[in-house]
Structures are given as structure tokens and as C-alpha cells.
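Asks: This is the structure I have questions about; it appears just below.
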Amino acid sequence: MRAIDLGMASCHTCHEVVKLPKVKGEGAVLCPRCGEEVHLRKPNSIQYTWALVIASIILYIPANVLPMMEVETFAGTQADTIISGVIYFLETGSYLIASVIFIASIIVPITKLILLSYLLISVQKKSPLHKKKRKKLYVLTEIIGKWSMVDVYVVAIMIALVHFGGMTEIKAGDGATYFLLVVVVTMIAAMQFDPKLIWDTEIQEKKETDARNA
Amino acid sequence: MGEMAEKIICCHECDELLRIPATRKEGRLKCPRCGTVLLRQKKGMVEIMYALSIAAAILFLLTNYFPFLSFHVVGNTSHANFMTSIVYLFGEKDWLIGIAVLMTTVIVPMIRIGLMLSLFGPIYHGIVPPYTIFALKVLSHSLPWAMLDVFLVGVFVSMVKLVKMGTIIPGLSLWAFMVMVFVMAAMQVVFDPQPLWEKVDQRRREKGVA
């Protein structure tokens with residue numbers, strides 16, 4: 001039995017089970033325990049998540065094209081994008097760093113965007129398949145999200161350490177700002193998605209069996 | 001009465017409704033449909049959380065007070081504290097990156113440690129503080145934005161990057177920071193807000209009667 005079938009919902013914040021009024025009145029229902037808004041499902045979850053997924057796909061383009069980091073020496077300025085950074089570490093034999101940056105800056109964001117799109121499409125199609133696996137995929141998108149920040153932190157730490165007044169300095173490129181936005185926007189996208197939607201096919205299934213039995 | 005002995009809970013991932021005995025005190029409970037852990041009910045949670053939050057608070061102060069890393073290249077040395085990168089980022093007017101690094105590595109972890117300490121301190125001594133609801137709400141919403149563990153990986157990557165160019169001298173702050181990451185990870189594993197929400201319920205009931 002799902003809570004929604006009885007007109008009940010658990011508070012997103014404190015998990016208190018709240019009975020919602022049958023007729024939708026004005027304003028939101030507040031949790032009697034913690035005072036946050038309670039919804040049967042997160043409102044407009046699919047639309048918001050799609051909007052944020054599309055926004056981060058667009059932001060991901062300048063994040064890759066523009067430089068992450070600019071190294072200024074007396075010999076001139078050298079700018080590195082995410083990819084050119086990875087290639088540089090591969091060429092110099094630092095396979096560990098190359099793979100950490102490749103995973104954090106390329107695999108993780110792309111995987112997240114693909115997973116969220118897949119979850120959204122499967123929910124919109126009311127797919128009854130692999131619910132438990134899809135729920136696990138959703139938990140995975142929530143967990144891996146913040147690990148893309150590694151590259152932004154590396155830039156920040158390099159800025160702090162390679163700071164030899166005028167001789168050699170490292171600066172953050174515009175790509176880093178866009179990349180940061182990709183990370184933040186995909187994290188909010190994952191928060192906007194309501195995993196309960198994955199399990200919402202059962203009303204339909206029940207109606208179908210009822211119809212068959214009638 | 002039958003209804004007194006049972007309470008209803010709802011899986012926050014898949015919306016499954018469950019009836020559980022109201023007297024249930026210990027052990028994990030998983031959602032029978034989707035497998036999410038719904039109740040942890042670990043014994044000694046308050047004591048462990050109190051100890052860990054004291055440790056985390058001390059380590060946080062050490063991390064932000066002592067030198068973090070020094071970098072030495074032929075005749076030139078630069079020293080960095082934990083927050084040096086943020087100062088330089090603001091200096092270069094990289095506001096967004098500066099704010100993001102400041103929030104995720106300093107402000108949010110500081111708020112979380114402070115709230116944990118101010119919750120579990122009084123609760124350990126048998127007092128449910130009046131700000132419990134507020135603290136639990138902030139702890140719930142801020143969790144994804146505390147990224148010290150990610151920052152630690154960033155520190156390792158930067159060190160490997162720079163070790164070829166010169167000498168890196170780790171400071172006391174770095175060691176404190178590494179321990180703090182593990183202490184905070186342990187806090188996240190042990191932390192279970194549900195018994196605290198029940199204390200809030202209890203207080204609400206008592207007030208209702210009085």
C-alpha cells in the first residue's frame with residue numbers, strides 16, 4: 001500500500017506521516033511537527049528536473065571549451081581546459097591524476113545527466129520495469145554529484161600554493177565558473193527529482209486489473 | 001488497545017506505508033519494497049554523536065588556525081592556510097568560485113558541527129533544547145553541501161601535481177583536516193535524526209496535556 005492511496009504523505013524533512021485534506025485548498029499543507037511544506041509528490045518535479053538537466057547540459061559546453069586554469073609566468077600565459085589538462089597528465093605519465101580528473105570532471109557529470117534523463121523518461125512513460133534498480137540509480141546520482149567538485153578544488157588549491165608574487169601565478173579561468181555551475185545545477189536537479197514517481201505505476205496497474213476483473 | 005501499540009511510517013523513497021510496533025526500540029528496519037533503510041535505532045547514538053562532534057569541533061579549529069601547506073621552489077616559498085585559496089579567489093574577483101569554496105569547505109561544515117554539538121550536548125544531559133526542530137531542519141538540508149571529503153581528494157591531486165615542481169611541506173592543519181574528514185564521515189554514518197524527532201513529539205504531547 002502506498003501512502004498516496006490513503007491521501008497521506010511523509011514530510012520530506014522529518015519523515016512525519018501527514019494526512020492531507022482531500023480537497024486541495026488554498027496554500028500548502030504544513031507538517032505539524034517541523035513546519036515544512038508537505039506534498040504527496042514534489043510539485044512539478046519532472047518539469048523542474050528537466051529544466052535543470054537541460055540548463056546543465058548547456059553550461060557544460062563553456063565549461064569544457066573555456067580554460068579551467070591559467071598559469072602566468074614571465075614567459076607568458078598558459079591556459080588549460082579540462083581535456084587539455086587530462087591529456088597533459090597522460091603525456092607526462094601521471095596516470096592517477098589523469099584518471100581522477102577524467103572521472104570527476106567528465107564521467108561523473110555526464111553519467112549524472114544521462115541517469116537523470118533516463119529516470120525522467122522512464123517515469124514519464126510510467127515504465128513498470130526495474131523499479132528497485134532505478135531507485136538505486138537515483139541514490140547513485142545523489143551520491144556521486146558532489147565529487148565533480150574535485151577539479152574546482154584543485155584549481156583553488158593550486159591558486160593558493162603557486163603564488164610567487166609576479167613571478168609565477170595561477171588564476172582560475174572562466175571554465176571553472178561554468179563547471180562549478182554545472183555541479184551545483186545538477187545537484188539541485190537531483191534534489192528536485194521525486195523518487196516516489198518511480199513507484200507510481202501501481203495505480204495504473206491496479207486500475208487495469210480492476211477493469212479486467214469487472 | 002491495538003492502535004496504541006502500532007504506528008504508521010512511510011518510506012521516503014518509494015511511499016510504501018508500514019505498520020510497526022510503537023514500542024520498537026532497536027535494530028535496522030528496511031523498506032520491504034525498495035530496500036531503503038527506514039529506521040536505524042542504534043544503541044548509544046547520542047553518546048557517540050556527542051563525542052564525535054566535540055572531536056570535530058576541535059579539529060575544525062586546528063584546521064583553520066595552523067598552516068595548511070607550504071610549497072618550496074628554488075628560493076621561493078609560499079605558505080597557505082586552509083582559507084588562503086578563498087582569499088586569493090576573492091582578490092581576483094572570482095566571486096562564484098570563492099563563495100562556493102567558502103560555503104562547502106568552511107561555512108556549511110562549521111554550521112553542521114556547531115549544530116551537532118549544540119544538539120547532542122544538551123540531549124546527552126537529558127535536555128531537549130528549544131531549537132531542536134530548527135537544528136534538525138538545517139542539518140537535513142545542508143548535508144549535500146558539506147564537501148570536505150571531496151576537498152581532501154582535491155588536496156591529494158594538487159599535491160601529486162606539485163610534487164614534481166618543488167617541495168611540499170604539510171602543516172599541522174593538513175593532518176587535523178584529514179582526521180576531521182574521517183570524523184565527519186563517521187558522524188554521518190551514526191547520525192540518526194529519527195529518535196530526536198520523537199523527542200520533539202514527546203515534548204509536543206506533554207505541552208498539549210499541560
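Asks: Scan region A:125-171 for residues that are in contact (Cβ under 8 Å) with a residue 24 or more places away in the chain and hydroxyl-bearing (Ser, Thr, Tyr) and jot them down.
Replies: A:Ser127, A:Tyr138, A:Thr141, A:Ser148, A:Thr168
Asks: Right, next: Scan region B:89-101 residue by residue and report those that are within 14 Å of A:Val154 (Cα to Cα) and at the interface with another protein chain (Cβ under 7 Å from one of its Cβ atoms).
Replies: Of everything in region B:89-101, those that are within 14 Å of A:Val154 (Cα to Cα) and at the interface with another protein chain (Cβ under 7 Å from one of its Cβ atoms) turn out to be B:Leu89, B:Ile97, B:Ala100, B:Val101.
Asks: Another question, then. Tally time: how many residues in region A:71-106 are without any contact (Cβ under 8 Å) to a residue 12 or more places away in the chain and over 17 Å from A:Ala176 (Cα atoms)?
Replies: So the answer is 13.
Table: residues versus (1) free of Cβ contacts under 8 Å to residues at least 12 places away in the same chain; (2) within 11 Å of another protein chain (Cβ to nearest Cβ); (3) on the phi > 0 side of the Ramachandran plot.
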| residue | (1), (2), (3) |
| --- | --- |
| B:Glu6 | no, no, no |
| B:Gln41 | no, no, yes |
| B:Met49 | no, no, no |
| B:Gly75 | yes, yes, yes |
| B:Ala80 | no, yes, no |
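Asks: Can you spot a residue in region B:152-161 that is farther than 21 Å from B:His79 by Cβ, within 11 Å of chain A (Cβ to nearest Cβ), within 19 Å of the chain's Cα centre (by Cα) and free of Cβ contacts under 8 Å to residues at least 24 places away in the same chain? Before the answer, list the steps.
Replies: Going through region B:152-161, the residues farther than 21 Å from B:His79 by Cβ turn out to be B:153.
After this cut, where a residue has to be within 11 Å of chain A (Cβ to nearest Cβ) as well, the list is B:153.
Retained after the next criterion (residues that are within 19 Å of the chain's Cα centre (by Cα)): B:153.
Keeping just the survivors that are free of Cβ contacts under 8 Å to residues at least 24 places away in the same chain gives B:153.
Yes, some residue in region B:152-161 is farther than 21 Å from B:His79 by Cβ, within 11 Å of chain A (Cβ to nearest Cβ), within 19 Å of the chain's Cα centre (by Cα) and free of Cβ contacts under 8 Å to residues at least 24 places away in the same chain.
Asks: Return yes or no: is B:Ile113 surrounded by fewer than 16 Cβ atoms within 10 Å (Cβ to Cβ), within 14 Å of the chain's Cα centre (by Cα) and on the phi < 0 side of the Ramachandran plot?
Replies: On the way: surrounded by fewer than 16 Cβ atoms within 10 Å (Cβ to Cβ): no; within 14 Å of the chain's Cα centre (by Cα): yes; on the phi < 0 side of the Ramachandran plot: yes.
So B:Ile113 fails the test.
Asks: Taking A:Ile170 and the conditions (1) in a helix (DSSP H, G or I); (2) hydrophobic (A, V, I, L, M, F, W, C); (3) buried (at least 17 other Cβ atoms within 10 Å of the Cβ), which numbered condition does it fall short on, given that it satisfies the others?
Replies: Result: A:Ile170 passes all but (1).
Asks: Quick one: in region A:178-197, of everything that is closer than 20 Å to A:Thr81 by Cα and surrounded by fewer than 24 Cβ atoms within 10 Å (Cβ to Cβ), which residue is farthest from the other protein chains (Cβ to nearest Cβ)?
Replies: Step one: list which residues in region A:178-197 are closer than 20 Å to A:Thr81 by Cα, which gives A:178-184.
Right, trim to surrounded by fewer than 24 Cβ atoms within 10 Å (Cβ to Cβ) and you get A:178, A:181, A:184.
Values: A:Tyr178: 10, A:Leu181: 7, A:Val184: 7 Å.
Out of the qualifying residues, it is A:Tyr178.
Asks: If you don't mind, another one. Out of the residues in region A:17-62 that are in a loop (DSSP other than H, G, I, E, B) and under 20 Å from A:Phe193 (Cα atoms), which is nearest to the other protein chains (Cβ to nearest Cβ)?
Replies: Within region A:17-62, the subset in a loop (DSSP other than H, G, I, E, B) is A:20-28, A:31-36, A:39-44.
Within this subset, residues satisfying the condition of being under 20 Å from A:Phe193 (Cα atoms) are A:28, A:36, A:39-44.
On the way: A:Ala28: 16, A:Glu36: 7, A:His39: 12, A:Leu40: 9, A:Arg41: 9, A:Lys42: 12, A:Pro43: 15, A:Asn44: 18 Å.
Out of the qualifying residues, it is A:Glu36.
Asks: May I pose another question? Could you please find all residues in region A:105-127 being of a type in the set (A, V, I, L, M, F, W, C) and touching a Gly at 6+ places or on another chain (Cβ under 9 Å)?
Replies: Matches in region A:105-127: A:Val108 only.
Asks: Next question, about the same structure. Checking the structure you have, find out if any residue of region B:102-118 is closer than 22 Å to B:Leu162 by Cβ and among the small types (Gly, Ala, Ser).
Replies: no
Asks: In region A:111-128, is there at least one residue being within 14 Å of chain B (Cβ to nearest Cβ) and surrounded by fewer than 19 Cβ atoms within 10 Å (Cβ to Cβ)?
Replies: yes
Asks: Let me ask something else. Out of curiosity, is A:Leu119 under 15 Å from the mean Cα position of the chain (by Cα), within 24 Å of B:Val150 (Cα to Cα) and modelled with pLDDT of 90 or more? Don't jump to the end; show me each part of the working.
Replies: Numbers: under 15 Å from the mean Cα position of the chain (by Cα): yes; within 24 Å of B:Val150 (Cα to Cα): no; modelled with pLDDT of 90 or more: yes.
It is false that A:Leu119 is under 15 Å from the mean Cα position of the chain (by Cα), within 24 Å of B:Val150 (Cα to Cα) and modelled with pLDDT of 90 or more.
The values are calculated or read from the model by the stated rules, or taken from the named source; none is laboratory data. Please read all numbers here as calculations on a predicted model, not as lab measurements. Every residue, glycine among them, receives a Cβ derived from its backbone with ideal geometry; neighbour counts consider all protein chains shown.
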